[in-house]
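The values are calculated or read from the model by the stated rules, or taken from the named source; none is laboratory data. Source: prediction; values computed, not measured. Neighbour counts run over all protein chains shown; Cβ positions are idealised from the backbone, glycine included. Heavy atoms of the whole protein, side chains included, go into the accessibility calculation; ligands, DNA and RNA do not. Shrake-Rupley method; radii C 1.70, N 1.55, O 1.52, S 1.80 Å.
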Amino acid sequence: MPVPNSRCPAAPTFPADPTRPTPETLRYSLTLPAALASPAMASAAATAFLRAHDLADMLDPALQAVSELTATACQFTESMDFYLALRYRAATLRVIVYDSHPRHTQPNLAAACDTRRRASLRVLACVCRACEGDWGFGASREPGGGTRMWATLPRETAAKYGQEGNGSRLSD
């Protein structure tokens with residue numbers, strides 16, 4: 001007698017992809033608690049993801065970006081959690097973090113808040129500059145609002161980050 005399928009008979013069958021992860025298939029999203037331990041957990045997860053997708057050559061700047069962005073989200077979010085996304089496309093790693101802190105409508109308050117957020121991301125700015133990448137923050141386009149922060153790290157230059165003589169010193 002045949003064994004019945006435990007899946008819903010109306011559900012389409014999509015077999016698991018047996019191919020090894022590649023850089024182009026790096027697409028992960030995590031919801032993390034707004035807790036002191038979360039930046040370390042995010043870094044540990046990012047390390048595993050990058051290694052599995054053969055992107056270990058850009059670990060140092062990628063982990064710096066993940067740490068800076070998640071630590072800042074923990075400081076600013078007004079909810080119990082925040083959201084981290086890692087994507088790789090067009091030979092560039094994108095690290096995106098959403099927190100629930102709303103963008104201020106009052107100009108002086110908005111400027112003061114942006115100054116604090118920018119100050120908490122000053123190392124990220126140096127890392128992105130050294131890797132010829134980009135970073136920033138602004139209003140989230142996601143439902144519920146909040147703030148979106150991001151960093152982009154081109155693989156070619158990020159892989160050279162910290163190597164002697166490539167000009168990627170944080171003091172520049």
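Quick notes
- Residue match in the range 103-117 (condition: crowded, with 18+ Cβ neighbours inside 10 Å and among the hydrophobic types (A, V, I, L, M, F, W, C)): no
- Residues of the range 92-120 satisfying the condition of being within 21 Å of SER29 (Cβ to Cβ) and hydrophobic (A, V, I, L, M, F, W, C): LEU93, VAL95, ILE96, VAL97
- Selection from the range 31-42 of residues that are under 16 Å from ILE96 (Cβ atoms) and either charged (D, E, K, R) or surrounded by 18 or more Cβ atoms within 10 Å (Cβ to Cβ) (or both): LEU32, SER38, PRO39, ALA42
- The numbered conditions (1) over 23 Å from GLY144 (Cα atoms); (2) at pLDDT 95 or above; (3) not in a helix (DSSP H, G or I) are all true for THR13 except (2).
- Of the candidates ALA85, ALA125, ALA90, the single residue that is modelled with pLDDT of 95 or more and at positive phi is ALA90.
- Residues located in the range 126-154, provided they are within 18 Å of ALA62 (Cβ to Cβ), open to solvent by 20 Å² or more (accessible area, probe 1.4 Å) and of a type in the set (A, V, I, L, M): ALA130
- Scan of the range 135-152 for residues that are in a strand (DSSP E or B) and touching a Phe, Trp or Tyr at 6+ places or on another chain (Cβ under 8 Å), ordered by number: TRP135, GLY136, PHE137, THR147, ARG148, MET149, TRP150, ALA151, THR152
- Of all the residues in the range 97-112, those that are of a type in the set (A, V, I, L, M, F, W, C) and in contact with a helix residue (DSSP H, G or I) (Cβ under 8 Å, 6 or more places away or on another chain) number 1.
- Restricting the first member to the range 18-30 and to residues that are in contact (Cβ under 8 Å) with a residue 24 or more places away in the chain, and the second to residues that are outside any loop (DSSP other than H, G, I, E, B) and open to solvent by less than 50 Å² (accessible area, probe 1.4 Å), the beta-carbon pairs closer than 6 Å and six or more apart or on different chains are PRO21/ALA52; PRO23/TYR88; LEU26/TYR88; TYR28/PHE49; TYR28/LEU86; SER29/ALA85; LEU30/LEU84.
- Pairs with Cβ under 9 Å, 6+ apart, first in the range 77-94 and touching a residue at least 40 places away in the same chain (Cβ under 8 Å) and within 17 Å of GLU142 (Cα to Cα), second open to solvent by 60 Å² or more (accessible area, probe 1.4 Å) and among the small types (Gly, Ala, Ser): SER79/GLY144
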